[in-house]
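Participant: Submitted below is the structure of interest, expressed as structure tokens.
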Amino acid sequence: MKTFTVLKGKPLSQGAVITSNGVNFSIFSKDATRVVLCFFENANDGAPCATVEFDPVQNKTGDIWHALIPEARAGTLYLYRIDGPYNPEKGLRFDFGRYLLDPFAKCFSEGSVYKSFAASPTRDIDTIFIKDRKIQSAELFPKCVVIDDDEFDWEGDRPLNIPLEKSIIYETHLKGFTASPTSSVKAAGTYKGFTEKIPYLKSLGITSVEFLPIQEFDENENANTNPKNGARLANYWGYSTIGFFAPKTTYSSARAPGEPVREFKQMVKDLHAAGIEVILDVVYNHTSEGNERGYTFEFKGIQNNQYYMLPGDKKYYMNFSCCGNTFNCNQPNVMLFILQSLRYWVQEMHVDGFRFDLASILCRGQNGELLSFPPLTNLISVDPILSKTKIIAEPWDAGGGYHMGFFPGGRWSEWNDRFRDDIRRFIRGDGNTSTGAATRLAGSSDIFFHNGKRPFNSINYITCHDGFTLNDLVSYNQKHNEENGEENRDGSDGNNSYNHGFEGECTNVKIEALRSRQIKNFLTALLTAVGTPMILGGDEFRRTQRGNNNAYCQDNELAWFDWTFAQKNKSLVEFTSRLIKFRKAHPCLSRTEFFGESESEKRNGVEVIWYDYDGRIPDWSKLSRFLAYEIYGSRFQKSDGGFDSDLYFAINTDAHDMNLILPSLADGKVWARVLDTSFPEGEEILEAGKEEILCAQNRYVIPAKSYVILMAIDKRP
């Protein structure tokens, strides 16, 4: 065993912080009676090369244990062992025989908590606690890595923080984006591999990448097997965090201590250089330690009764996440932990925003009740470090909390599931859905027009990681999750999907043509609606999961991006890119005020008017399977001082063609076709300056299941 010097150290800046005199280690534990810091030479060592014990007099301030170790440096590997009362009835689960991860660790070595515990028996609520049991082997257990954040040269890079109203978000799984050999990248499935695809993202025109969880998790958590081939399934999505300060180690092409941090930072830096910002999907609602039958490897063994919500019988766990436990988000120490984690990702990792999974849990008090003024969500909203950072809530949880449009805390934006459902039903062709669809396309003012909310606070989406891809939405009537090992019971049954006559892949030309048109209709609705659009990665080239609407466990070709589809459906990729360009060119679609409240409308009259197919004001009680409206963009001033164009939109979701009566134009303007999804591939949407002037200026035949956009332009000679 090596001998390390133990100096007093300081209690502030928890975790492992490099100083001029060594590394300061600091960890919070109120009820611990003994803290031992264990150092390892190699990632696969089963036992430490050195241990240091914290003196409760010299190395403790309040409830924080701390020590300065001169011999430690960047790259040093370490774990903790903490002793204290094992009294589950009082919510205390100290276990000196277990190695513990540092909650503030900024990187981990390769290893697996679950493989490690599979090699040694675990204790659950029915097991007698043995005080002096043998210490577990650390051979398979991941080790914490000391990180020097100052060693990376950002070369002046800062978070882009593009305004939400100008943002187009692209949600994707980091590994799955390039894991398939079809991606043709050198470092498949990694941060480095993702940077190889930046030119594609830039050409598409998106402004922001929203990654599924990249904070450290253990993909070996899932013990299910694929019933079709017996293959072990995984925690592919990563919604089960282990390290709230650490990027996922196995997403790095270089695995040496500290390399995942450097590679993640380089990816962010490269994305920023391309004008693309980074949003992280973060999971502060629960951890991967599970319930009373779960493993102890971090928070449970540090201060279980503060980090988790516990019921009256404290040997159990409250479970508003459906994942075994609930993080005690509004407990003061936990609240500060979450804030410090967010600040770290902004300050040191340069990310531009966060999407909070099951965010209603962040609004629950320490007894599980929903709070009207939650300290955490308000603190995040007003924190000066996060003031320019995007904060996006999934405004519900698994315990019935639902805050759509009312997420507390000020400037929060929210995933709008009402947009998803209303637009899906309308474009599918359901009757009596026009009014709901019109409200969603106009910015969902019924949901967000209060408490200072703006249209861009609505994160509009048709599809996301959780559910069907856009291709599968128009190809399947039912979910097909047979390969998840749960007998197809998992995943939502309320998909509002339609297979258009055949379940799954088919060769029928008419069915495929209709599916393709419907995909374009969905993309058009999403990218021209008022609000902030979010595209599910791969929808622009018809990525499929073969009807699986809950691919959380499929770390394989089923969920990975098949890039042959990008070539096969390159016309759809171009269609999407042109739609994005169209949105960016018309700021009247990216408005910061709801219709009816702008100064322009007060001066010049209404900015939007709705029509029936005959050109009259619609009777909303009778309107069905059709919408038409005109936005007076010519009253909307651009940032360069010029004015936008008037735009006319029509959507026919019926099974029959319609003959439209168009509104008349003044000042020598004429209607020109920008988009008609019934046109052949490559001709559906026209580039700026190449719009086609209509021969008949008062009428337009809109085919069944079609979307049309017209623009008022000056009559050409």
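The values are calculated or read from the model by the stated rules, or taken from the named source; none is laboratory data. Here the structure is a predicted model, which is why all the values come from computation and not from measurement. Positions of Cβ are generated from backbone atoms using ideal geometry, with glycine treated the same way; all protein chains shown enter the neighbour counts. Each accessible area value is taken on the protein alone, full model and side chains, heavy atoms only, with ligands, DNA and RNA left out. Shrake-Rupley method; radii C 1.70, N 1.55, O 1.52, S 1.80 Å.
Participant: Can you give the FRET efficiency for Y316 and N604, using 1/(1 + (r/R0)^6), R0 = 45 Å, r = Cβ-Cβ distance, to the nearest 0.05?
Facilitator: So, using R0 = 45 Å, E works out to roughly 0.15.
Participant: Can you work out ³J(HN,Hα) from phi for every residue in the range 486-496, in order, using Karplus 6.51 cos²θ - 1.76 cosθ + 1.60 and θ = phi - 60°, giving whole Hz and x for Gly and Pro?
Facilitator: Working through the residues one at a time gives 10, 6, 6, 7, 7, x, 6, 9, x, 9, 6 Hz.
Participant: Within the range 461-531, which GluC sites (Glu not before Pro) sit in a loop by DSSP and count at most 10 neighbouring Cβ atoms inside 10 Å?
Facilitator: Sites meeting the loop and neighbour criteria: E487.
Participant: Of all accessible surface on the range 530-584 at a 1.4 Å probe, what whole percent is carbon and sulfur?
Facilitator: Summing carbon and sulfur atoms, their accessible area is 50 percent of the total for the range 530-584.
Participant: With θ set to phi - 60° and the Karplus curve 6.51 cos²θ - 1.76 cosθ + 1.60, what are the ³J(HN,Hα) couplings of the range 158-175 in order, to the nearest whole Hz, using x for Gly and Pro?
Facilitator: 9, x, 6, 6, 5, x, 4, 5, 9, 9, 10, 8, 10, 8, 8, 8, 4, 5
Participant: Where does helix 509-528 land angle-wise versus the long Cα axis of the chain, in degrees 0 to 90, nearest 10?
Facilitator: 80
Participant: Expressed as a rounded percentage, what relative contact order does the range 615-670 have, with Cα pairs under 8 Å and six or more residues apart?
Facilitator: 34
Participant: Going 7 Å from the Cα of N477 in the Cα-to-Cβ direction, what parts of the range 492-506 have a backbone nitrogen less than 16 Å from that spot?
Facilitator: Output list for this probe position: 493-506.
Participant: Then there's this: No solvent, one uniform scatterer per C-alpha: report log10 I(q)/I(0) for the range 151-202 via the Debye equation at q = 0.15, 0.21, 0.30 1/Å, two decimals.
Facilitator: -0.58, -0.90, -1.08
Participant: Based on DSSP, what percent of beta bridges with both residues in the chain are antiparallel, to the nearest 5?
Facilitator: Antiparallel: roughly 70 percent of the beta bridges in the chain.
Participant: Counting only residues 5 or more places away or on other chains, whose amide H sits under 5 Å from the amide H of V701 once H atoms are built in the peptide plane?
Facilitator: Counting only residues 5 or more places away or on other chains, the set is L660.
Participant: Hey, how much of the P(r) for the range 362-520 falls beyond 18 Å, as a percent of Cα pairs?
Facilitator: Cα-Cα pairs of the range 362-520 separated by over 18 Å account for 67 percent.
Participant: Still on this structure, please answer the following. Over the chain, average the accessible area per residue using a 1.4 Å probe and give it in Å², no decimals.
Facilitator: 38
Participant: On the Cα set of the range 612-688, report Rg and Dmax in Å, please.
Facilitator: Rg then Dmax for the range 612-688, in Å: 14.7, 43.
Participant: Continuing with this model, one more query. So, in nm, how far is label Q347 from label V57 when the simple model puts each one 7 Å beyond its Cα toward the Cβ?
Facilitator: Distance between the two pseudo-spin positions: 3.4 nm.
Participant: Something else now. So which chymotrypsin sites (Phe, Trp or Tyr not before Pro) in the range 338-441 are both in a DSSP loop and have at most 16 other Cβ atoms within 10 Å of their Cβ?
Facilitator: In loop regions of the range 338-441 (DSSP not H, G, I, E or B), the sparsely surrounded chymotrypsin sites (Phe, Trp or Tyr not before Pro) are F406.
Participant: Evaluate E = 1/(1 + (r/R0)^6) for K388 and K115, where r is the Cβ-Cβ distance and R0 equals 41 Å; express this FRET efficiency to the nearest 0.05.
Facilitator: Efficiency at R0 = 41 Å is approximately 0.50.
Participant: Also, quick follow-up: Given points 7 Å out from each Cα along the Cα-Cβ axis, report the N432 to I135 separation in nanometres with one decimal.
Facilitator: 6.9
Participant: Gain in length, E681 to A273, computed as 0.36 nm per residue apart minus the alpha-carbon separation, to one decimal in nm?
Facilitator: The E681-A273 span can extend by a further 143.6 nm.
Participant: Could I ask something else about it? Explain nothing, just the number: relative contact order of the range 75-205, from Cα pairs under 8 Å at least 6 residues apart, as a whole percent.
Facilitator: Computed value for the range 75-205: 21 percent relative contact order.
Participant: If you don't mind, there's one more thing I want to ask. Given a 1.4 angstrom probe, I'd like the percentage of the accessible area of the range 669-711 that is carbon and sulfur, rounded to a whole number.
Facilitator: Accessible surface attributable to carbon and sulfur in the range 669-711 totals 55 percent.
Participant: Size of the range 429-488 along its principal axes in angstrom, Cα-based, largest extent first?
Facilitator: Cα spread of the range 429-488 along its principal axes, largest to smallest: 46, 27, 17 Å.
Participant: Under the rule of -39500 (n - 2.57) per DSSP H run of 4 or more residues, summed and divided by the residues of the chain, what mean residue ellipticity at 222 nm is obtained, to the nearest 500 deg cm²/dmol?
Facilitator: Counting only the DSSP helices, I get -5500 deg cm²/dmol.
Participant: Provide T51, T195 ordered by accessible surface of protein heavy atoms (probe 1.4 Å), highest first.
Facilitator: Of T51, T195, the descending order of accessible area is T51, T195.
Participant: Could you tell me, in Å, what Rg and Dmax come out for the Cα atoms of the range 62-119?
Facilitator: Gyration radius and largest Cα-Cα distance of the range 62-119: 14.2, 41 Å.
Participant: Based on alpha-carbon positions alone, could you give the equivalent ellipsoid semi-axes of the range 1-96 from the gyration tensor, as √(5λ), descending, whole Å?
Facilitator: Semi-axes, largest first: 23, 17, 11 Å.
Participant: For K228 and R616, what does the FRET efficiency come to when R0 = 41 Å and r is the distance between their Cβ atoms, rounded to the nearest 0.05?
Facilitator: Once the sixth-power term is evaluated, E becomes 0.15.
Participant: Could you work out how far apart the two model spin labels at L694 and D150 are, taking each label as a point 7 Å from the Cα in the direction of the beta carbon, and quote it in nm?
Facilitator: If labels sit at L694 and D150, their model points lie 6.6 nm apart.
Participant: If you keep only loop residues by DSSP, which GluC sites (Glu not before Pro) in the range 329-421 have at most 12 other Cβ atoms within 10 Å of their Cβ?
Facilitator: Counting only loop positions with at most 12 other Cβ atoms within 10 Å, the GluC sites (Glu not before Pro) in the range 329-421 are E369.
Participant: Which of the listed residues, N328, P70, S180, is farthest toward the dipole's positive end in the chain, when Lys, Arg count +1 and Asp, Glu count -1 at the beta-carbon?
Facilitator: So the residue furthest toward the plus end is P70.
Participant: Going by Cα centres, the range 55-92 and the range 302-371 are how many Å apart?
Facilitator: One Cα centre to the other: 22 Å.
Participant: If each residue of separation counts as 0.36 nm, what is the full-extension length gain between L336 and Q366 once their alpha-carbon separation is subtracted?
Facilitator: Here the answer is 9.3 nm.
Participant: Take every Cα pair under 8 Å in the chain that's 6+ residues apart, average their separations, divide by the length, and report that relative contact order as a whole percent.
Facilitator: 10
Participant: At q = 0.20, 0.25 Å⁻¹, what is the base-10 log of I(q)/I(0) for the range 406-447 according to the Debye formula with one equal point scatterer per Cα and no solvent? Please give it to two decimals.
Facilitator: Debye intensities relative to I(0), on a log10 scale: -0.61, -0.83.
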